[in-house]
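Enquirer: Dropping the structure in here first, questions after.
Just so you know, all these numbers are worked out from the coordinates, no wet-lab data involved. Predicted, not measured: the structure shown is a model, and the values here were computed from it. Cβ coordinates were reconstructed from backbone atoms using ideal geometry, including for glycine residues, and neighbour counts include every protein chain displayed.
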Amino acid sequence: MNKQLSHNAQLIINSLGDLNSRFSGKSILITGGAGFLGVQFMYYIDLLNRSKILKNNCKVFVWDNFLRGVPDWINIFEKKEDFIIKKKDLIKNNDFPNVNFIIHAASIASPIFYRKYPIETIFSNITGLKNLLDFSVGNSKLESFLFFSTSEIYGDPTLDNIPTREDYRGNVSCTGPRACYDESKRLGETICVNYHNVHNIPVKIARPFNNYGPGLKISDRRVIPDFFNNILNDQDIVLLSDGSATRTFCYISDAIEGYIRILLSNYNGESFNIGNESPEISMIDLANKIIEVSNKNLKVEFRISEDKNYLTDNPNRRCPSIKKARKLLHFHPKIGLDEGLDRTYLYYLETSK
């Protein structure tokens, strides 16, 4: 078991307090268990079970098509009696287990990879979701269903809509190179809301904003692992833009706490931004900060990407309003960017040996 992931699971447990007991004697289906989000939920439930916090252990079913390979943690959890892990394609298989909670995190979320697998991305977000919701109709055992959408549904927000609230309708291309992800997630939200309205499915929607931390593969090709990959190889950090675009980042233990708060809430048919409102940092400043974290004598290098679509429809700013999650879910991120980057670097150092 990885120390950093285990530590994060403990942080989540500490933050949730009495809410943890809601999983006692329950069962969960996690789709996308081989992904960045899936592994966090697996570590969290496993620690709940091992810590004897629950009166009765929670049973976990994990489904993934392993399109991007089988990570090491799958082999670890396969040996645990409370985990049942299966290679399943949500588009082709619908023999779902009858569970209390569904966490639908199966999706390709890295721009490099969803542009490589656009069809798989679309239908995981639509057909896979529909199969799960159809299964949920009339299932009295189901207490809650969490669908992972994305901050990408907002596209490139206008300046007067930053920080971006949940009621902003977006500025999104429906045909651009990112549309396979953005538009399928938008339609996924529409499907969820209508299944709630028509069939009373207890579905909620999470909109993640730039989550990072231990468990995010160094090869994922999102900005933070990309920069740390340069660091680990003693290379100058390569920016494939002018570095002026800004983002806020949310450390993964804070994010998972937020997602669990959504899952355990009664806000069916509602969507919630989960992220950090500050600091909003430019990519050039982020690169320099990561160099500082590493304490290496490196610099930032600018290049033009060989991928002509690399920057197409890439938003200039991405910053959420989390007022709704604060007010209704009592969600309060705790890990600052400096601490989060330190923890992430330590994870990459440990796992690269």
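Enquirer: Using unit Cβ charges (K, R positive; D, E negative) and no other charged atoms, how large, in debye to the nearest 20, is the dipole of the range 69-127 about its Cα centre? Intermediate values should be presented prior to the final figure.
Expert: Values: 8 positive and 7 negative charges, 42 e Å.
The dipole magnitude comes to about 200 debye.
Enquirer: OK, next. Cut-off is 10 Å between beta-carbons; in what order do Val193, Val198, Val39 appear when sorted fewest neighbours first?
Expert: Fewest-to-most ranking of Val193, Val198, Val39: Val198, Val193, Val39.
Enquirer: Taking the beta-carbon count within 10 Å as an exposure proxy, list Thr246, Thr31, Thr158, Thr127 from fewest neighbours to most.
Expert: Thr158, Thr127, Thr246, Thr31
Enquirer: Taking H as built 1.01 Å from N, whose amide H comes closer than 5 Å to the amide H of Lys204, not counting residues under 5 places away?
Expert: Placed amide hydrogens put Phe145, Leu146, Phe147, Gly269 under 5 Å from Lys204.
Enquirer: Which whole-Hz ³J(HN,Hα) couplings does the range 126-142 yield from phi under the Karplus relation 6.51 cos²θ - 1.76 cosθ + 1.60, θ = phi - 60°, glycine and proline marked x?
Expert: Each residue's phi maps through the Karplus curve to give 10, 5, x, 4, 4, 4, 5, 5, 4, 4, 6, 4, x, 8, 5, 6, 5 Hz.
Enquirer: Give me, ordered by chain and number, the residues 5 or more places off Asn211 or on other chains with an amide H under 5 Å from its own placed amide H.
Expert: Cys250
Enquirer: I'm spelling it out carefully: the read-out is Rg and Dmax of the Cα atoms in Å, the candidates are (1) 19.3, 60; (2) 20.6, 66; (3) 23.4, 99, and one was derived from this structure. Which label?
Expert: The value matching this structure is (1).
Enquirer: Put +1 on the Cβ of each Lys and Arg and -1 on the Cβ of each Asp and Glu in the range 175-245; which of Tyr195, Gly176, Ser241 then has its Cα farthest toward the positive end of the dipole?
Expert: Toward the positive end, the furthest listed residue is Tyr195.
Enquirer: Helix-only mean residue ellipticity at 222 nm, the chain, DSSP H runs n ≥ 4 weighted -39,500 (n - 2.57), per residue, nearest 500. What is it?
Expert: My calculation for the chain gives -11500 deg cm²/dmol from helical runs alone.
Enquirer: If you restrict to DSSP beta bridges whose two residues both lie in the chain, what percentage is antiparallel, to the nearest 5?
Expert: That works out to approximately 5 percent antiparallel.
Enquirer: For Lys323, Lys217, Lys52, which order do you get if you count the other beta carbons within 10 Å of each Cβ and list the fewest first?
Expert: Lys52, Lys323, Lys217
Enquirer: Starting from the amide H of Asn171, placed 1.01 Å from N in the peptide plane, find each other amide H under 5 Å away whose residue is 5 or more places distant or on another chain.
Expert: Amide H to amide H, under 5 Å and 5 or more residues apart or across chains, Asn171 pairs with Gly155, Asp156.
Enquirer: Residue by residue through the range 75-80, which ³J(HN,Hα) values in whole Hz follow from phi under the Karplus form 6.51 cos²θ - 1.76 cosθ + 1.60 (θ = phi - 60°), with glycine and proline marked x?
Expert: 5, 5, 6, 4, 8, 8
Enquirer: Please report, in debye to the nearest 20, how large the charge dipole of the chain is about its Cα centre when each Lys and Arg carries +1 at its beta carbon and each Asp and Glu carries -1 there.
Expert: Once rounded to the nearest 20, the dipole reads 840 debye.
Enquirer: Let me ask you something else. List the lysines whose Cα sits under 28 Å from the Cα of Lys55, skipping any in the same chain fewer than 8 residues away.
Expert: Leaving aside lysines fewer than 8 places away in the same chain, those within reach of Lys55 are Lys3, Lys26, Lys79, Lys80, Lys86, Lys141, Lys204.
Enquirer: Okay, next question. What are the ³J(HN,Hα) couplings of the range 197-207, residue after residue, when phi is run through the Karplus curve with 6.51, -1.76, 1.60 and θ = phi - 60°? Round to Hz, x for glycine and proline.
Expert: 5, 8, 10, 6, 5, x, 9, 10, 10, 10, 10
Enquirer: Tell me which aspartates and glutamates have Cα within less than 20 Å of Lys296's Cα, excluding those fewer than 8 residues away on the same chain?
Expert: Asp226, Asp234, Asp236, Asp285, Asp338, Glu339, Asp342, Glu350
Enquirer: Would you mind classifying the range 1-102 by shape? Square roots of the alpha carbon gyration tensor eigenvalues, ordered a ≥ b ≥ c; an a/c under 1.5 is rounded, otherwise it is prolate if a/b is larger than b/c and oblate if not.
Expert: Oblate, since a/c reaches 1.5 and b/c is not below a/b.
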